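The values are calculated or read from the model by the stated rules, or taken from the named source; none is laboratory data. Predicted, not measured: the structure shown is a model, and the values here were computed from it. Here Cβ is always computed from backbone atoms with ideal geometry, including for glycine, and neighbour counts include all displayed protein chains. With ligands, DNA and RNA removed, areas are computed over all heavy atoms of the protein, side chains included. Shrake-Rupley method; radii C 1.70, N 1.55, O 1.52, S 1.80 Å.
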Amino acid sequence: MNPPLPGLQVQGLSFSYPHGTVLDTFDATLRPGLTLVRGSDGCGKTTLLRLLAGELAPQGGRLMLAGLDGRTAPEAYRDHVFWADPRSDALHDLTARAWYARLMRHHGAWDAASLDAHVAGFLLQAHLDKPLHALSTGSRRKVFLAGALASGALLTLIDEPVAGLDKPSVAYLVQVLGRMATEQRRMVVVAHHEALPGVPWGQVVDLPDR
């Protein structure tokens, strides 16, 4: 029997904070390749990614990733997901090299050669042995991007990818995302307030203003 084709079915997803509803019976089907989650600040882009990652528990609805139910098999579901919140300080005391070693142990499809290419492309060689809290916002963002792109995770979630990035790094990211547009066994979901010029998005999911 062939394994299920990669895909993410989002059925009736609902989530509210005390100050208001963010998602109300949200439906989507995400396919392999590149998906842009687009919307203004405060519309719920990051919350949606955290829900898709299994970091937040939905208050209603269902997530099915390649046949895995995020509610009934949460650990197996998360094993197929890459998510690292660039705003979190949970990794601040780790060096980039130590974090990459941790990712390599977790992600079975980890691509060491790809990581080397992204470290070079983002000019991160001089930062690998510095704790993340010692890096600039842009350098930390590049560390996270290199890990995400090299993870090989079936579902790779990237939030606000160009925040703090210099122009050469943005150009490199656009180039890499362009190559990933034809992925058949991997979904890369990027949340941003607008489409990145030059990136051939396979899907665009627009979130309404709140």
Checklist entry - Looking only at the range 29-47, which residues are open to solvent by less than 20 Å² (accessible area, probe 1.4 Å) and farther than 23 Å from P197 by Cβ? => result G44, T47
Next on the checklist: Show the residue pairs meeting these rules: Cβ distance below 6 Å; 6+ apart or different chains; first residue within the range 13-37 and within 16 Å of L65 (Cβ to Cβ); second residue open to solvent by 50 Å² or more (accessible area, probe 1.4 Å) and among the small types (G, A, S).
Outcome noted: G33/G202
Next on the checklist: Let me confirm something: among A120, A146, which residue is over 21 Å from L13 (Cα atoms), of a type in the set (A, V, I, L, M), open to solvent by less than 30 Å² (accessible area, probe 1.4 Å) and in a helix (DSSP H, G or I)?
Outcome noted: A146
Next on the checklist: Scan the range 41-57 and tell me whether some residue there is part of a loop (DSSP other than H, G, I, E, B) and polar (S, T, N, Q).
Outcome noted: no
Checklist entry - Residues in the range 52-61: is at least one open to solvent by 50 Å² or more (accessible area, probe 1.4 Å), under 15 Å from the mean Cα position of the chain (by Cα) and closer than 22 Å to G108 by Cα? => result yes
Next on the checklist: Looking at (1) open to solvent by less than 20 Å² (accessible area, probe 1.4 Å); (2) among the aromatic types (F, W, Y); (3) within 23 Å of G33 (Cβ to Cβ), which one does W99 not meet, given that it meets all the others?
Outcome noted: (3)
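Yes or no, residue by residue, for (1) aromatic (F, W, Y); (2) assigned to a loop (DSSP other than H, G, I, E, B); (3) open to solvent by 30 Å² or more (accessible area, probe 1.4 Å); (4) in contact with a Phe, Trp or Tyr (Cβ under 7 Å, 6 or more places away or on another chain):
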site	(1), (2), (3), (4)
A153	no, yes, no, yes
L165	no, yes, no, no
P168	no, no, yes, no
A171	no, no, yes, no
V176	no, no, no, no
V188	no, no, no, no
A191	no, no, no, no
G198	no, yes, yes, no
R210	no, yes, yes, no
Checklist outcome for this item: Expected single match for touching a residue at least 40 places away in the same chain (Cβ under 8 Å) and assigned to a loop (DSSP other than H, G, I, E, B) among D129, D93 is D93
Item to check | From S139, S88, residue being small (G, A, S), within 21 Å of H192 (Cα to Cα) and either open to solvent by 30 Å² or more (accessible area, probe 1.4 Å) or at pLDDT below 95 (or both) | outcome: S88
Next on the checklist: Regarding the range 68-79, can at least one residue be identified that is part of a strand (DSSP E or B), more than 16 Å from A191 (Cα to Cα) and touching an Asp or Glu at 6+ places or on another chain (Cβ under 9 Å)?
Outcome noted: yes
